[in-house]
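The values are calculated or read from the model by the stated rules, or taken from the named source; none is laboratory data. Please read these numbers as outputs of a predicted model, since none were measured by experiment. As a convention, Cβ positions derive from the backbone with ideal geometry for all residues, glycine included, and neighbour counts pool all protein chains shown. Just so you know, the surface numbers come from the protein's heavy atoms only, side chains and all, with ligands and any DNA or RNA stripped out. Shrake-Rupley method; radii C 1.70, N 1.55, O 1.52, S 1.80 Å.
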Amino acid sequence: LVDGGSLPRPGEITLAHRGVLFLDELPEFERAVLEVLREPLENGQITVSRAARQADFPARFQLVAAMNPCPCGYLGDRSERCRCTPDQVARYRSRLSGPLLDRIDLQVLVPRVEAQALSAREERTETSPQVRQRVILCRQRQLDRQGKANAQLSAPEVERHCAPDTEATGLLELAMSRLSLSARGYHRTLKVARTLADLGGQAGVG
């Protein structure tokens, strides 16, 4: 992921610069390898040190990762086939550290799709070109407002451009208390909320 060889060379995270880095079966990577992702996710670059020299590489990528809910993969499934013990599930999930998870903006549980749903031919509410156009407009709103994407906003810029309304502020304070969100999690939540508002063409964050 970082580099290869005795001399610093770009690794996968640098090759994914300004693109998408997809990691499947995330907990199967060694924990030390995953911890390397923290620096580039936070700063958009990676520093590689070797005996010969030290080098800084750009690494501003969008991380997309997938994992099973437990070692067997059936935890929470309606088939009730999971036989993993709570200790096994805890050990499996502990391969991902809190600081790493804190840098992942969205975590979505995706249940198994039933066969009937796969075979059903339902009309899509939006086509891919329509979604693409909506994303282009969303990004343009961000550039017009602040000159950069929401993901690149600093903490003071988040307070200025992503301030929620009164109702949303109360909900966010409740989430901070119940979910024990960190300051990083607080700002990332506001950036995601600002992006959702931009997708919907809304001026405020509510």
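Couple of notes before you dig in:
- Taking all protein chains together, D3, D165, D198 sort by accessible area into D165, D3, D198, largest first [probe 1.4 Å].
- Rolling a 1.4 Å probe over the protein heavy atoms leaves T85 with an accessible area of roughly 60 Å².
- Working note: 222 nm ellipticity from helices only, DSSP H runs with n ≥ 4, each -39,500 (n - 2.57), summed and divided by the residues of the chain, gives -12000 deg cm²/dmol to the nearest 500.
- Surface share of carbon and sulfur [accessible, 1.4 angstrom probe, percent] for the chain: 52
- Cα-Cα pairs of the chain separated by more than 20 Å (percent): 69
- Accessible area per residue in Å² at 1.4 Å probe, computed on the range 138-206: 59
- Computed accessible area, I104, all protein chains, 1.4 angstrom probe, square angstrom: 40
- Summarising the amide proton neighbourhood of F61: residues at separation of 5 or more, or on other chains, whose placed amide H is nearer than 5 Å comprise R18.
- Rolling a 1.4 angstrom probe over the protein heavy atoms with all chains in place gives the range 1-76 an accessible area of 58 Å² per residue.
- For the chain, a crude dipole built from +1 on the beta carbon of Lys and Arg and -1 on the beta carbon of Asp and Glu, taken about the Cα centre, is about 300 debye to the nearest 20.
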